[in-house]
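Visitor: Dropping the structure in here first, questions after.
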Amino acid sequence: MRPILFENAWVSLMIFWRYVWRLWFFMALTGTGLSFSFYAATHGRGLSQAGDLHMLYWEALMLMLAISVYSILIWHSQSLYKPLHAKRATITMWLERKGQVVPSRWRRMWICWWAFNWRYALISLPLFWIVAALSKGQSLGLPMDAAISLWSGWLAMWWWLFHPLGKSHFMLQRSSEERA
């Protein structure tokens, strides 16, 4: 039982890593670009503190929208569905809904995006709320937010892959690789 649990955790971590590094890389580039552009647009205008906060609000909103769109496009790409190679085995993946393989990339994209994100929200939001309550509203910074986000994402991926709910299932098939 223990080796299967470890292997399941490893497979879910590898699939989650395929998703998260692309998302965080895009987030860093987009956030940096937006910060510089908003700084250039407001620098020297003498905005009040309320004006600065208003600009930060719009910057954060644009960043969240860009990240959401990119997250959806990551699920549309083929990069997440390529076979995994681990421990002399190849793991192929596909999505089934009601026992049938989902042939459309667009339908698969929406199903996968929703299946992963509702689980992620269910796990991460209570953790963020608990941390916020214990820290009395003070931010514990990027390392704590990143740790909660990474742990919640990996757990959401594991939950989706190995304990599916509903009509859609992410199927995994393991085949051993022959050495020549």
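Visitor: In what sequence, largest accessible area first, do 18, 105, 174 appear using a 1.4 Å probe?
Guide: Of 18, 105, 174, the descending order of accessible area is 174, 105, 18.
Visitor: Any idea which of 23, 175, 140 is furthest toward the positive side of the dipole for the range 9-176, if Lys and Arg beta-carbons carry +1 and Asp and Glu beta-carbons -1?
Guide: In the range 9-176, that residue is 175.
Visitor: I'd like the orientation of helix 2-42 relative to the chain: the angle between its Cα long axis and the longest Cα principal axis, in ° from 0 to 90, rounded to 10.
Guide: The angle comes out at about 20 degrees.
Visitor: Which of the lysines could a cross-linker bridge to residue 167, judged by Cα under 25 Å and excluding same-chain residues fewer than eight apart?
Guide: Output for residue 167: 82, 98.
Visitor: Let me ask something additional. In square nanometres, what is the average projected area of the Cα convex hull of the chain?
Guide: One quarter of the hull surface, i.e. the mean projection, equals 14.4 nm².
Visitor: Hey, any idea what % of the range 9-176's accessible area is carbon plus sulfur with a 1.4 Å probe? Could the numbers behind the result be given before it?
Guide: Details: 7360 of 10480 Å².
Answer for the range 9-176: carbon and sulfur cover 70 percent of the accessible area.
Visitor: Quick check: the angle from helix 49-76's long axis to the longest principal axis of the chain, C-alpha only, nearest 10 degrees?
Guide: The angle comes out at about 20 degrees.
Visitor: With the dipole of the chain worked out from charges on the C-beta (+1 for Lys and Arg, -1 for Asp and Glu) around the Cα centre, which of 95, 155, 110 lies farthest toward the positive end?
Guide: 95
Visitor: Once both axes come from the Cα atoms, what is the angle between helix 105-134 and the longest principal axis of the chain, in degrees from 0 to 90, rounded to 10?
Guide: For helix 105-134, the angle is close to 60 degrees.
Visitor: Next up: Please give the per residue accessible area of the range 9-176, computed with a probe of 1.4 Å over protein heavy atoms only, in Å².
Guide: On a per-residue basis, the range 9-176 sits at 62 Å².
Visitor: Sticking with this structure for a sec: Just name one of 74, 35, 12: the one whose Cα is farthest towards the positive end of the charge dipole of the chain (beta-carbon charges, Lys/Arg +1, Asp/Glu -1).
Guide: Ranked along the dipole, the leading option is 12.
Visitor: For the chain, what does the helix formula give at 222 nm: sum of -39500 (n - 2.57) over DSSP H segments with n ≥ 4, over the residue count, nearest 500 deg cm²/dmol?
Guide: Dividing the helical sum by the residues of the chain leaves -24000 deg cm²/dmol.
Visitor: What size of dipole, in debye to the nearest 20, comes out for the chain about its Cα centre when the only charges are +1 on Lys and Arg C-beta atoms and -1 on Asp and Glu C-beta atoms?
Guide: Numbers: 17 positive and 7 negative charges, 137 e Å.
So the dipole magnitude of the chain works out to roughly 660 debye.
The values are calculated or read from the model by the stated rules, or taken from the named source; none is laboratory data. These figures come from a predicted structure and were not determined experimentally. Cβ coordinates were reconstructed from backbone atoms using ideal geometry, including for glycine residues, and neighbour counts include every protein chain displayed. Protein only, heavy atoms only, side chains kept; ligands, DNA and RNA dropped before computing areas. Shrake-Rupley method; radii C 1.70, N 1.55, O 1.52, S 1.80 Å.
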